[in-house]
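Below you'll find the structure, written out as structure tokens, and then a few comments.
The values are calculated or read from the model by the stated rules, or taken from the named source; none is laboratory data. Because the structure is a prediction, the values reported are computed rather than measured. Here the Cβ positions follow ideal geometry from the backbone for every residue, glycine too, while neighbour counts run over all protein chains shown.
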Amino acid sequence: MAKQYETVIGLEVHVELATRTKIFCGCSTAFGAAPNTHTCPVCTGMPGSLPVLNKQVVEYAMAIGLATNCTITRVCKFDRKNYFYPDNPQNYQISQLYLPIARDGYVEIETGGTKKKVRIHEMHMEEDAGKLVHDEWDDTSLVDYNRSGVPLVEIVSEPDMRSPEEVIAYLEKLRQIIQYLGASDCKLQEGSMRADVNLSVRETGSDVFGTRTEMKNLNSFKAIARAIEGERERQIELLETGKTVVQETRRWDDNKENSYAMRSKEDAQDYRYFPEPDLVPIVISDEWIAEIRSRQPELRGEKLERYKKEFDIPEYDAEILTESKSMADLFEATAAICKKPKKVSNWLMVETMRLMKEHGMEPEDLTFSPENLAKLIELTEAGIINSSVAKEVFEKIFSEDLDPENYVEEHGLKTVSDEGALKAAVEKVVADNPQAAADYRGGKEKALGALVGQTMKAMKGKANPGMVNQMLREMLSE
Amino acid sequence: MGNMANKISDETMEYVGILAKLELSAQEKEAAKSDMEKMLDYIDTLNELDTSGVEPMSHVFPVHNVFREDVVTNGDNQEQTLANAPLRKEARFEVPKTIG
Ligand SMILES: [Zn+2]
């Protein structure tokens, strides 16, 4: 019988914090600015410049540490990690090695109905590097230092995960907690959340770890799942053919569904850390921790309980809506305007999620305003537009966030409830479809649907379907 | 001072050179070796002191919690920053091709 293997996975997750400024200077962290505009002598490593720590970075890190059940390190400090690379203008990264801000935490995940704790080894604060892009024309690399010095926390898990499903559940849990705290938007595509996967395999039942590799460049949950499957297969094949796994860093190429070893920087993974002399230690008091705790916003569990009490919506809906902070915010803001939580929930659960799936979007990517969704609900509830027109208008709101009142007005989409106009249309449809009319009269209830459809079509979808239905029934029973 | 107990091997010298991205001549290597040996000897002297029960010091000044508020104070500094670029392409630093 073939050997059975178990995959052992630990994660290093980098999260860009949602501060307005960089970790050690007053440069903006806004995404998408022209290259090298958000730079200064501090974040480009000019000799003589001095870093000053952004207090908000420490407070976000503390909040994340507390929400992931970590112990906050009461006296912590920064260290220098030395390496040469063009994205790192100082030739060192300011990070934390000896006294990271938080340690020994955990988050609880659930996969296939089974709950499990994934332990967090430690979390440290550090600065991000600049962004390198390859220039095809000159075959050179181009560097933008706008991201250099943007604050990060790195969350290092214990090797507690055993499958891609557990890894994704862990990442989703971290993302949910951090988004609820408002400490980061955690967008994988934009790189504000990045995961490096440490993976090894061992024979099932063994309690010794195999040699692990580290995989980088994973920017979607799908890529992470594929990379885990690919690396597991690669390592098992090495072992099965009597070869050994080499401890190395590999880069995942999601297009080729393959990973390759990154040429190690001159073979030296020796960062020669030493205490950062330009920054003073951080001393965290009981009072400061209590203050951060008291400012902690409502997290998912509490929000879910409140939804069940406060809103008349199914429990399932409440669970889905609170899974993401952005979705929950959108729900609450819209419900506050139109006072119809159940309707809001329906629009989010059905049409919004359908369109998100169609466009491969996450809740954070939604751009429409609660005001416009609330207006659409009012228009529908007041019978000004019918439900099929409402769906059509919603697609416009979803993609362009337009004002539904204006749109309905401009495109003449109001439901026709004028009896005269409807009656004329219904009479014409009955006259044009004698067979269907006869079928209905002969007892085929189904035939009515076809006639309603024809009438709606003749009215370009704007008729009041209830009125059409009733008129047809009356006319055909005469 | 000790009696030059520490020896830096050629391999160590080579390795430190790679880490520091320095290309040293044979003569420079010998000089650097001798300097580094003296430094290590000095550390040995410090190691003779009994420091059990002494908290490791992470900073020489008795100062902690120096922070800035999260307020943008810097504006567009593109030209000043790019003035330091040995080679630039449009608004970016141009460097030899790197991977990853
Ligand atoms: Zn700066």
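Restricting segment A:401-423 to residues that are out of contact with any helix residue (DSSP H, G or I) (no Cβ under 9 Å at 6 or more places or on another chain) and modelled with pLDDT under 85 leaves a set whose member that is farthest from A:Met475 (Cα to Cα) is A:Gly412.
Residues in segment A:51-62 that are within 12 Å of the ligand (Cβ to nearest atom) and either without any contact (Cβ under 8 Å) to a residue 40 or more places away in the chain or assigned to a loop (DSSP other than H, G, I, E, B) (or both): A:Pro51, A:Val52.
Against the list (1) part of a helix (DSSP H, G or I); (2) exposed (fewer than 12 other Cβ atoms within 10 Å of the Cβ); (3) charged (D, E, K, R), the condition A:Lys428 fails is (2). Looking only at segment A:63-76, filter to residues that are more than 10 Å from chain B (Cβ to nearest Cβ) and not β-branched (Val, Ile, Thr); which one of those is farthest from the ligand (Cβ to nearest atom)? Of everything passing the filter in segment A:63-76, A:Asn69 is farthest from the ligand (Cβ to nearest atom).
Selection over segment A:266-307 of residues that are exposed (fewer than 15 other Cβ atoms within 10 Å of the Cβ), charged (D, E, K, R) and within 31 Å of the chain's Cα centre (by Cα) gives a count of 7.
Across segment A:32-44, the number of residues qualifying as within 10 Å of the ligand (Cβ to nearest atom) and touching a residue at least 24 places away in the same chain (Cβ under 8 Å) comes to 5. Quick check: is even one residue across segment A:14-29 more than 16 Å from the ligand (Cβ to nearest atom), part of a strand (DSSP E or B) and either within 30 Å of A:Gly210 (Cβ to Cβ) or in contact with a helix residue (DSSP H, G or I) (Cβ under 9 Å, 6 or more places away or on another chain) (or both)? Yes, that holds for at least one residue.
Scan segment B:16-23 and tell me whether some residue there is within 30 Å of A:Leu132 (Cβ to Cβ), facing chain A (nearest Cβ under 7 Å), assigned to a loop (DSSP other than H, G, I, E, B) and among the acidic types (Asp, Glu). No. Exactly one residue among A:Glu364, A:Glu358 is assigned to a helix (DSSP H, G or I) and under 20 Å from A:Leu304 (Cα atoms), and that residue is A:Glu364. Of all residue pairs spaced 6 or more apart or on separate chains, those with beta-carbon atoms under 6 Å, a first member in segment A:147-159 that is assigned by TED's automatic domain parsing to the domain that holds A:Leu66 and a second member that is at pLDDT below 95 and part of a strand (DSSP E or B) are A:Arg147/A:Lys131.
Yes/no matrix, rows are residues, columns are (1) farther than 25 Å from A:Lys187 by Cα; (2) away from every other protein chain (no Cβ under 14 Å); (3) outside any loop (DSSP other than H, G, I, E, B):
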| residue | (1), (2), (3) |
| --- | --- |
| A:Gly210 | yes, yes, no |
| A:Glu214 | no, no, yes |
| A:Ala227 | no, yes, yes |
| A:Glu231 | no, yes, yes |
| A:Gln247 | yes, yes, no |
| A:Ala290 | yes, yes, yes |
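So that you can scan it fast, the table gives a plain yes or no per residue for (1) basic (Lys, Arg); (2) at the interface with another protein chain (Cβ under 7 Å from one of its Cβ atoms); (3) assigned to a helix (DSSP H, G or I); (4) under 26 Å from the mean Cα position of the chain (by Cα):
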| residue | (1), (2), (3), (4) |
| --- | --- |
| B:Asp41 | no, no, yes, yes |
| B:Asp44 | no, no, yes, yes |
| B:Gly53 | no, no, no, no |
| B:Asp70 | no, yes, no, no |
| B:Thr81 | no, yes, yes, yes |
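Residues that are out of contact with any Lys or Arg (no Cβ under 6 Å at 6 or more places or on another chain) and surrounded by fewer than 20 Cβ atoms within 10 Å (Cβ to Cβ) within segment A:213-222 comprise A:Glu214, A:Asn219, A:Ser220, A:Phe221, A:Lys222, listed in sequence order. Scoring A:Lys81 on the criteria (1) more than 16 Å from the ligand (Cβ to nearest atom); (2) touching a Lys or Arg at 6+ places or on another chain (Cβ under 9 Å); (3) touching a residue at least 60 places away in the same chain (Cβ under 8 Å); (4) away from chain B (no Cβ under 13 Å) leaves a single failure, condition (4).
Matching residues to (1) modelled with pLDDT of 95 or more; (2) polar (S, T, N, Q); (3) surrounded by fewer than 18 Cβ atoms within 10 Å (Cβ to Cβ):
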| site | (1), (2), (3) |
| --- | --- |
| A:Leu152 | yes, no, no |
| A:Gln189 | no, yes, yes |
| A:Thr211 | no, yes, yes |
| A:Gly230 | no, no, no |
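Mind counting the residues in segment A:32-62 that are farther than 19 Å from A:Phe78 by Cβ, at the interface with another protein chain (Cβ under 9 Å from one of its Cβ atoms) and out of contact with any Lys or Arg (no Cβ under 9 Å at 6 or more places or on another chain)? Result for segment A:32-62: 4.
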